[in-house]
Each structure stands twice: as structure tokens, then as C-alpha cells.
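Student: Quick one: the structure is below, and I'll ask about it shortly.
The values are calculated or read from the model by the stated rules, or taken from the named source; none is laboratory data. As the structure is a computational prediction, the values presented were derived from the model and not from experiment. Methodologically, a virtual Cβ is constructed for each residue, glycine included, from the backbone with ideal geometry; neighbour enumeration extends over all protein chains shown. Note: accessible area is taken over every heavy atom of the protein model, side chains too, but ligands, DNA and RNA are not part of it. Shrake-Rupley method; radii C 1.70, N 1.55, O 1.52, S 1.80 Å.
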Amino acid sequence: MPDEEVGWPRHHVPLKPERRPAAKGLKNRYAANASIHELAEEIGRSYGFVHRTLAVASGAFWSRGVRAKPLIACPVVPNDVRRSTTGWSRRPDDPAKTPKDRELRVFIDIPSELEAALIDLPLPPWRTDDSFLATSTMERYRTDLTAIPQFEETTATLRHALTREGGGYAVLRLGNLAKELGTDNDRFLRIATSFAAEVAVPFSPFPRWPLWKDIGVKVEKDPGKSSGIGYNAFHMDLVNATLPPDFTTLLCVRPDPLGGGPSILSDAHAAAARLSEDCQALLTESAYHYGTFFDLFGVGEEYKPFPILDGSNLGKGFVRFSAKMLERSKLCPEHAEAARELADELVRGQVSFMLQPGDYLVVNQRRFLHGREALHSGQETVPVADRRLLIQLFLRAKADDGPAM
Ligand SMILES: O=C(O)CCC(=O)C(=O)O
Ligand SMILES: [Fe+2]
């Protein structure tokens, strides 16, 4: 493999400042075990280009087997890799791209022809059935949307990004639709819901809440929790349920106007695989707990205590973890230490990017854990109506999708 052993550049020309965030993103993906070939395919550039960029960005390479250890945590890439540099991404309908290129994309643009058709599409309101999107709505949306050219290709790209080997998250860029229709417009939300429904079945675990739940900014809340202003550490949503949502999805209505709060993602299985066997063994013990469980629907029972790793199914299934337990749950010292090592590995392998208005982040909770860097200081000076706002929707895998998804 050409990317197994790579030379150590001794002298290098510093990267131009505008290239640095993108280069850091590549470096993080490489650290998270993506190969140079995969990275080249994802961003639509050559192997040599990625190789040179990584060489200049890190000054060194490690062979894939040993490189985890020398990595320095790179907590923030302040800008979205693809948005911050022009020429790094090509649209999915770019005829110059091969089908393979198209399928390896994590940031997925909506082809302009599809965008135009969606803006005019009169999708009907949805119905729910016991907190799940009704089958009749799923079928109706599917019929209306699959009639539009490029819809099926785009949703296939999305599903592939979420389930391919090493994959597990994607950002569908609905920004133009959001600008055109407005994010508080029912039709915009129906379009987002129809994309979600092509991945899995939308549902709300909170019986009295609507399908989409607001995540705003509350200065008075525990800063490390949802809608708090601080660092929201790596976690899976509803970690203490026997059946957490298979996917968690976050649609950005407004980023932090002060410029903070990049999203962070990390491959949970890759992080666990870098731990020692002793540490992994501790994580397979039912010694962990986090949070409360109250009035939830469609996510099974409360799970307490739970193992972080499924010992009978290592490398698959949920890595049932929230780094928030390190500060908020009482754990015995050796189990706490193993959990801390996992949290460190997640940070070492993380990618980060800033969600822009209309960006729709979809995370396969069986593969990746998510979180968010702190918002910028000074949130109390921002009027509530101008603060960062995401809306969240959970998805349950369709029965025929199998456990590996
Ligand atoms: O604010 C974010 O970007 C993530 C929020 C989150 O993960 C949560 O509320 O569970
Ligand atoms: Fe979350």
C-alpha cells in the first residue's frame, strides 16, 4: 500500500493561512485511519495532492499501524473543510467525477437541478403514528421525491457515507433550500424529513414533543450539556437506553453568531481498537452509568449499569459511551480510568467542522460519537433569538437494514 510507509519531509514550505483549516481536517481524518487514497477520493483531488498537504500540515507521517501514538490532539478546525476553501469539493453532479468519487463524499451538496425541483415541491404535512413518522407519510414522500431526477442518487450517497467501512456521518448541505424557503417554513422541514426518511424512520423518543426538537443556547444551563455554552464532550444520544436511536441528526438553523461551537465527530470503534486489551476488557464490564431515564418512548428500557463495549460483538454495534460520565457519574477508579482513555482516543481521532445554516448532520450512532466545542465567550450579550440554533431528529433503522448498518 503506498500510504503504509511514507517519507518524512525535512524541510517544508508553510501552508498558506487559507489552506490551514482544510489541511488540519485532512490530518484529523488521516489520524482517524482514513487512507490517503480515501481522502483523495473524498475531496476529489489526487493522491499526490493529499500526500503533499498532509506532509506540510504535520511535518511527519506514521505507518497506519503505529501512528496513533505520536498524534497530537487537534481539537478544532475552525471552519468547515469544504466551505472554507474553494476548489476542494466538486458538486455530486459534476460530470468529471467518477461514481466512486461521488460515493465517498461526507459533505453532500444537493445537485442544482434537484434543489430547484425541491423548492417548488408541495409535499403534504406529515403524520405520526405512536411518535414514529407514519408509514403513509414515508410512502407518500418517497413517491413524490423519487420522481425527481437525482434524488435517489443523492440519498444513495448519503446512505453510503453513513454505512460504508470507516464511514458513519455525513453532512447534507441544504443551505440553498434553507435560504430560499426559510428554516422555519413547513415545506423546508418536510424536505429535510423526507431526506431523513430515506436513511431510517424518523421518530421522537419524547412523547409530548414534536418530531423535531430545538437545541438552542441557554446560558444558565450546565455548560457541558445539550444547549449549554461549554464543551459538549463526545457522547451518544440516549446512551442509557437499551435501544438508543440508530441515528441522531442535527440541522443547523443558525451557527453561533460569535463564531464558536464547531461540531466534533470521532470513529468510536477505531478509538476503542487503539486501546490496550486490559483497557478494552474493563470497558466490556457492566460498570458504567449516566443520566436519568424518564418518560421515553421507542428506545427500550433504562440500561443501568451498562458496558461501554459489547464484549460479544467487539468492533460492531454501539460503543455506549458519553465522556460526560467522567465528571457526572460516580465510577470506580479503574473503570473511570479506562473510560478516560477512551475519551482521550476519541479526541485524538476527531474531525471537526462548523455547521453552516441549512447543514444537516446525520450521525450513525453505531459507528461515530459526536459532540461540540464550546461556544464563543459572551453568549449572554447575544439576544436569545440570535443565538445558535439546531433542530434535532432521531431515526430508527428500518427492520430490514440488519445490525451492521
Ligand atoms: O450542539 C451541538 O452541536 C450538539 C448537541 C448535542 O449533541 C446534543 O444535544 O445531544
Ligand atoms: Fe448529542
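Student: Just in segment 156-255: which GluC sites (Glu not before Pro) are loop by DSSP and have at most 11 other Cβ atoms within 10 Å?
Tutor: Values: sites: E165, E180, E198, E220; in loops: E165, E198, E220.
Of the GluC sites (Glu not before Pro), the ones in loops of segment 156-255 whose Cβ has at most 11 other Cβ atoms within 10 Å are E165, E220.
Student: So, one more: In this model, which of K221/K330; K225/K316; K304/K330 are farther than 23 Å apart at the alpha-carbon? Working shown, then result.
Tutor: Values: K221/K330 21 Å; K225/K316 27 Å; K304/K330 13 Å.
In this structure, K225/K316 lie more than 23 Å apart at Cα.
Student: In the structure displayed, which of K218/K398; K218/K324; K179/K398 lie more than 29 Å apart, Cα to Cα?
Tutor: Violating the 29 Å limit, Cα to Cα: K218/K398; K179/K398.
Student: Okay, next question. How many nm is it between the label spots at D400 and L258, if each spot is 7 Å from the Cα in line with the beta carbon?
Tutor: Output for this residue pair reads 5.0 nm.
Student: If I model a spin label as a point 7 Å beyond the Cα along the Cα-Cβ vector, how far apart are those points for E334 and E152 in nm?
Tutor: It is 5.6 nm.
Student: With a Förster radius of 25 Å, plug the Cβ-Cβ distance of K179 and E139 into 1/(1 + (r/R0)^6) and report the FRET value to the nearest 0.05.
Tutor: Values: r = 30 Å, r/R0 = 1.18.
Between K179 and E139 the formula returns 0.25.
Student: Using a Förster radius of 22 Å, what is the FRET efficiency between Q356 and W209 based on their Cβ-Cβ separation? Nearest 0.05, please. It would help to have the intermediate numbers written out before the result.
Tutor: Numbers: r = 26 Å, r/R0 = 1.17.
E between Q356 and W209, to the nearest 0.05, is 0.30.
Student: So if we plug the beta-carbon distance of A116 and D344 into 1/(1 + (r/R0)^6) with R0 = 51 Å, what FRET efficiency do we get, rounded to 0.05?
Tutor: Numbers: r = 46 Å, r/R0 = 0.91.
Given R0 = 51 Å and the Cβ-Cβ separation, E is 0.65.
Student: A further question follows. Could you provide, to the nearest whole Å², the per residue accessible area of segment 141-218 with probe 1.4 Å? Walk me through the numbers before you get to the answer.
Tutor: Values: 3030 Å² over 78 residues.
Dividing the accessible area of segment 141-218 by its residue count gives 39 Å².
Student: If you don't mind, another one. Got a number for the accessible area of K316? Probe 1.4 Å, square angstrom, nearest 10.
Tutor: About 110 Å², ignoring ligands and nucleic acids.
Student: Ignoring ligands and nucleic acids, what accessible area does H376 show with a 1.4 Å probe (Å², nearest 10)?
Tutor: My reading of the accessible area for H376 is about 90 Å².
Student: While we're on this one: Can you tell me which aspartates and glutamates have their Cα less than 13 Å from the Cα of K24? Leave out same-chain residues fewer than eight positions away.
Tutor: Result set, ordered by chain and number: D80.
Student: Right, something else. Roughly speaking, what is the stretch gain from T284 to S312, that is 0.36 nm per residue apart minus the C-alpha to C-alpha distance, in nm to one decimal? Write out the running numbers ahead of the final one.
Tutor: Working: separation 28, 0.36 × 28 = 10.08 nm, distance 0.89 nm.
Between T284 and S312, full extension yields an extra 9.2 nm.
Student: Report the semi-axes of the equivalent ellipsoid for segment 354-393 in whole Å, largest first, where each axis is √(5λ) for an eigenvalue λ of the Cα gyration tensor.
Tutor: Values: eigenvalues 120, 32, 14 Å².
Its equivalent ellipsoid spans semi-axes of 24, 13, 8 Å.
Student: Can you send over the solvent-accessible area of K218, 1.4 Å probe, protein chains only, in Å² to the nearest 10?
Tutor: 100 Å²
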